[in-house]
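Colleague: The structure under discussion is supplied below as structure tokens; questions concerning it will follow.
The values are calculated or read from the model by the stated rules, or taken from the named source; none is laboratory data. Since we're looking at a predicted model, the values are computed, not measured. Don't worry about glycine lacking a Cβ; one is built from the backbone with ideal geometry, like all the others, and counts go over all protein chains shown. These accessible areas exclude ligands, DNA and RNA; they are computed on the full protein's heavy atoms, side chains included. Shrake-Rupley method; radii C 1.70, N 1.55, O 1.52, S 1.80 Å.
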Amino acid sequence: MEREEVTDDEIDNLNKLVAASLITTAIAIATISALAQVTPEDQGAVYIFRTEGDDRVCPICEPLAGEIMKESDGTVVFPPFHENCRCMLDPVA
């Protein structure tokens, strides 16, 4: 099997994709961490699971879209669930 040469441009493009993926995931983690700090962690906290609602929502997150999660029943799970996860938990007032 003959090995194809990889160009510098192809390597640069791949590096940009990896960097963007890491940044997206890090932002999601930071956002959820901030939410956890400003939202009371009492047994009454309630959240709604939000996806971006587009054709890029993954099979992991799609079934959770619109789900209500309550601290009182232990159903709260904080995203991100995977690399590039764009989902959020929004507190319900």
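Colleague: Please identify the pairs in which a residue from segment 43-67 that is more than 14 Å from Met88 (Cβ to Cβ) has its Cβ atom under 7 Å from the Cβ atom of a residue that is open to solvent by less than 40 Å² (accessible area, probe 1.4 Å), counting only partners at least 6 apart or on another chain.
Modeller: Going by the 7 Å Cβ cut-off, the qualifying pairs are Ala45/Thr39; Glu62/Thr51.
Colleague: Taking segment 1-22 as the region of interest, how many residues are open to solvent by 100 Å² or more (accessible area, probe 1.4 Å) and hydrophobic (A, V, I, L, M, F, W, C)?
Modeller: 4
Colleague: State whether one or more residues within segment 13-20 are at pLDDT below 80 and part of a helix (DSSP H, G or I).
Modeller: There is no residue in segment 13-20 that is at pLDDT below 80 and part of a helix (DSSP H, G or I).
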